[in-house]
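Take a look at the structure below.
No value in this document is a laboratory result; all are computed from the given coordinates. Note that the structure is a prediction, hence the values are computed from the model and not measured. Note that we place each Cβ from the backbone using ideal geometry, even for glycine, and neighbour counts take in every protein chain shown.
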Amino acid sequence: MSLRKVILINSQISERGYTEVLVTQNMIMKAEVLRTELMLKGMAKSDLLADPMAQFESWYQQALTTDMAEPTAMSLATVDANGQPWQRMVLLKMFDENGFVFFTNYSSRKAQQIAGNAKVSLLFPWQALGRQVKITGTAEKIATADSLKYFASRPRGSQIGAWASHQSQVITTRAMLDTLFEQMKDKFSKGEVPLPSFWGGYRVKPSSFEFWQARDSRLHDQFVCEQGDDESWQYQRLAP
């Protein structure tokens with residue numbers, strides 16, 4: 001029986017910072033089959049869970065059990081000092097009731113932009129399922145101890161790569177990057193690779209969610225969820 005390991009982070013975070021879920025091959029559904037079913041069914045307000053984080057987790061787990069590529073990939077949008085938006089794909093590594101966590105170099109372009117304006121947005125582009133989830137919120141660094149837990153779980157090559165790459169900085173050739181990698185590989189040839197002081201996680205604390213389900217004739221189902229004055233989450237249907 002073939003197995004696919006999936007990392008799922010929920011409110012019950014283990015000592016290592018994540019729960020491992022094994023998905024057997026016979027649990028994996030063809031994304032195109034599920035997409036057809038979802039488009040026919042549509043999405044009503046009564047289908048949505050009161051807690052939007054729980055609703056996200058429901059869709060996320062469903063995405064994990066299909067053959068779609070990179071279900072953890074999300075677009076992260078930031079804004080620079082001139083008001084110019086920037087986007088890039090990052091991977092969701094953890095999430096719980098407090099927000100969504102990704103990891104990066106703290107000297108990268110995205111990190112510098114977050115330092116100037118912590119308001120960001122995320123987009124999960126699950127086109128294979130005819131679904132999108134958009135999230136707006138505020139990004140903040142996570143505790144170093146939590147970054148260390150995740151860093152220790154990474155493949156050794158990825159750990160060394162974090163030391164070798166000065167993310168977002170101009171380099172003249174690929175050979176320069178390869179040379180830096182080999183230098184770091186030699187430097188940390190013995191023992192564990194330490195967590196770089198310039199590398200770690202950000203948590204995006206959500207202020208709004210938007211759940212989008214594709215339908216025929218471009219008459220999609222779309223709901224935005226925001227907190228009211230009493231801090232309870234409220235859904236509203238949007239015209240597609």
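Residue ranges 120-133, 156-169 sort as 120-133, 156-169 when ordered by packing (mean number of other C-beta atoms within 10 Å per residue, highest first).
Residues of the stretch 105-140 with the amide nitrogen closer than 19 Å to a label point 7 Å from the Cα of Phe181, along Cα-to-Cβ, please. Within reach of a label on Phe181, which here means backbone N under 19 Å from a point 7 Å along Cα→Cβ, the stretch 105-140 contributes 105. Look at where the Cα atoms of the stretch 93-114 and of the stretch 220-234 average out, and the two centres are 24 Å apart. For Trp199, the residues whose modelled amide H falls within less than 5 Å of its own, excluding neighbours fewer than 5 places apart on the same chain, are Tyr106. Gaussian network model of the chain, Cα springs within a sub-10 Å range: biggest mean-square fluctuation belongs to which of Leu48, Leu177, Leu195? Comparing Leu48, Leu177, Leu195 in the GNM, the peak value goes to Leu177. Helix-only arithmetic for the chain: the sum of -39500 (n - 2.57) across DSSP H runs with n ≥ 4, divided by the residue total, places the mean residue ellipticity at 222 nm at -8000 deg cm²/dmol.
When the alpha carbon coordinates of the chain are projected onto the principal axes, the ranges are 57, 52, 36 Å, largest first. The Cβ shell under 15 Å around Gln55 holds other residues with a net charge of -4, Lys and Arg each +1, Asp and Glu each -1. Lys and Arg at +1, Asp and Glu at -1: add these up for the other residues within a Cβ distance under 14 Å of Thr179 and post the number. That sum, taken over residues with Cβ under 14 Å, equals 0. From most to least packed by mean Cβ count within 10 Å, the peptides 108-114, 93-99 give 108-114, 93-99.
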